[in-house]
Amino acid sequence: MRTRPRPASRPRSRFRSRRPLAAGSAVLALGATLTACGGASSADPDAKEITVYSADGLKSEKGDGFYDTVFKDFEKKTGIKVNYVESGSGAAVQRLAREKANTKADVVVTLPPFIQQADGKGLLDTYRPKGADHVAAADKDPNGKWTSIVNNYFCFIHNKKELKQPPRTWDDLTSARLKGKLQYSTPGVAGDGTAVLIKAMHDFGGQAPAMNFLKRLQDNNVGPSSSTGQLAPKTDKGELLVANGDVQMNYANITSMPNQGIFFPAAKPGGKPSTFALPYAAGLVKNAPHAANARKFLDYLLSEPVQRQVSSVGGGFASRADIKATDKNAAALAKIMNGVEIFEPDWNDIDKNLDTYVEAWKTATGS
């Protein structure tokens with residue numbers, strides 16, 4: 001059983017508890033001048049290419065990740081080359097906004113709440129990819145602005161050699177042993193970093209107590225990181241003992257980084273480990289220079305063969321509900337999530353108040 005986040009329009013309370021589960025580049029130059037109509041692109045609309053701005057986590061440095069496979073197969077199938085630009089989720093949306101007068105990207109893939117933020121800034125166009133009818137309503141925008149392509153969950157990681165037992169609660173993260181050995185990515189910039197705030201506010205019962213805790217945790221924190229993906233290698237090597245992450249990204253690189261272990265801290269002693277869904281969501285960029293190619297790419301991402309590769313190649317959870325993965329990765333992922341309580345963030349509240357929450361975090365931590 002997989003539980004899923006509610007769409008931005010549905011939740012009323014900030015968080016809702018669910019029963020336990022059963023068994024994340026190069027900067028493009030801004031050289032365009034504003035035009036009367038706005039949003040025009042200088043790119044060749046007939047070029048056999050697309051540009052994808054994406055959060056990190058789905059591409060491997062070894063070239064064997066989900067994106068590596070998908071990009072290569074898509075180009076072979078269609079002749080369309082994929083130009084890939086990687087950053088944190090928040091940074092991707094900020095870049096789209098800066099380039100609004102001269103759009104360069106065709107597709108954006110980010111974690112929530114940044115896909116909702118992109119929609120709110122008018123950066124997404126309407127497109128419902130083929131196969132989206134098999135994606136649960138909670139995993140796609142009701143107005144067709146974005147669709148989840150890989151389901152995922154927030155987590156923490158620890159170095160299994162130096163820290164054989166992972167911290168069980170938030171308070172365990174303040175242990176003197178972790179001083180200078182703990183790091184989490186920057187809220188408001190990285191999707192997984194923003195997830196730290198979301199889980200802390202849920203577990204501590206609101207903004208004020210969460211910020212009080214994160215202020216204490218700062219004694220152990222190494223400092224900011226714009227990308228969560230940079231933290232896994234450090235944790236595997238023992239430079240860090242604890243970092244934040246997400247299940248798909250950390251499970252996908254566990255073969256090359258075998259010393260990292262995935263865990264979910266409980267709110268308090270005796271409490272159940274908990275997390276929330278943090279899917280990779282894709283949208284067609286407004287005024288995309290290669291919109292027709294982008295639509296083909298979005299269709300391809302939700303095709304049945306590619307969705308089956310989400311677990312077998314990408315180490316994630318298929319977003320199509322009709323895909324019942326049975327590969328060894330799917331079984332291992334189910335084991336990781338077994339017994340973990342899933343809560344549902346109110347993405348509407350988080351999107352609306354994200355700047356307030358990030359500023360409160362900066363104040364609390366002196367960042």
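The values are calculated or read from the model by the stated rules, or taken from the named source; none is laboratory data. What you are looking at is a predicted structure, and each value in this text was computed from that prediction instead of being measured. Note that we place each Cβ from the backbone using ideal geometry, even for glycine, and neighbour counts take in every protein chain shown.
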Here are some conditions: (1) surrounded by fewer than 22 Cβ atoms within 10 Å (Cβ to Cβ); (2) assigned to a strand (DSSP E or B). Ile149 meets all but one. Which one does it not meet?
-> (1)
Out of the residues in segment 224-261 that are surrounded by fewer than 22 Cβ atoms within 10 Å (Cβ to Cβ) and closer than 17 Å to Gly314 by Cα, which is nearest to the chain's Cα centre (by Cα)?
-> Ile254
Search result, residues across segment 330-343 that are of a type in the set (Val, Ile, Thr) and either outside any helix (DSSP H, G or I) or touching an Asp or Glu at 6+ places or on another chain (Cβ under 9 Å) (or both) | Val340, Ile342
Taking segment 161-191 on its own, how many of its residues are over 30 Å from Trp347 (Cα atoms), of a type in the set (Gly, Ala, Ser) and buried (at least 21 other Cβ atoms within 10 Å of the Cβ)?
-> 0
So, first residue in a loop (DSSP other than H, G, I, E, B) in segment 344-356, second residue surrounded by 15 or more Cβ atoms within 10 Å (Cβ to Cβ) and modelled with pLDDT under 90, Cβ within less than 8 Å, six or more apart or across chains; the pairs are Asp346/Arg6; Asp346/Pro11; Asp346/Arg14; Asp346/Phe15
Failed item, numbered, when Lys140 is tested on (1) over 17 Å from Ala243 (Cβ atoms); (2) touching a Gly at 6+ places or on another chain (Cβ under 9 Å); (3) among the charged types (D, E, K, R) | (2)
Ala91, sole failed condition from (1) modelled with pLDDT under 95; (2) among the hydrophobic types (A, V, I, L, M, F, W, C); (3) in contact with a Lys or Arg (Cβ under 6 Å, 6 or more places away or on another chain) = (3)
Can you pull out the residues in segment 194-231 that are within 20 Å of Ser89 (Cβ to Cβ), in contact with a strand residue (DSSP E or B) (Cβ under 6 Å, 6 or more places away or on another chain) and hydrophobic (A, V, I, L, M, F, W, C)?
-> Ala195, Val196, Ile198, Leu231
Check on Ala132, more than 20 Å from Ile198 (Cβ to Cβ), outside the structural domain of Gly238 (by TED's automatic domain parsing), small (Gly, Ala, Ser) and in contact with a helix residue (DSSP H, G or I) (Cβ under 9 Å, 6 or more places away or on another chain) | yes
Does segment 272-291 include one or more residues that are out of contact with any Lys or Arg (no Cβ under 8 Å at 6 or more places or on another chain), hydrophobic (A, V, I, L, M, F, W, C), surrounded by fewer than 24 Cβ atoms within 10 Å (Cβ to Cβ) and in a helix (DSSP H, G or I)?
-> yes
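For every residue, the table says whether it meets (1) outside the structural domain of Leu58 (by TED's automatic domain parsing); (2) touching a Gly at 6+ places or on another chain (Cβ under 8 Å); (3) in a strand (DSSP E or B).
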position: Val196; (1), (2), (3): yes, no, no
position: Asp203; (1), (2), (3): yes, no, no
position: Met211; (1), (2), (3): yes, no, no
position: Leu231; (1), (2), (3): yes, yes, no
position: Glu239; (1), (2), (3): yes, no, no
position: Gly245; (1), (2), (3): yes, yes, yes
position: Met249; (1), (2), (3): yes, yes, no
position: Arg295; (1), (2), (3): no, no, no
Given the conditions (1) out of contact with any helix residue (DSSP H, G or I) (no Cβ under 9 Å at 6 or more places or on another chain); (2) under 24 Å from Pro265 (Cα atoms), and given that Glu99 satisfies all but one, which numbered condition is not satisfied?
-> (2)
Sole exception among (1) closer than 30 Å to Lys104 by Cα; (2) out of contact with any Leu (no Cβ under 7 Å at 6 or more places or on another chain); (3) not in a helix (DSSP H, G or I) for Lys268, by number | (1)
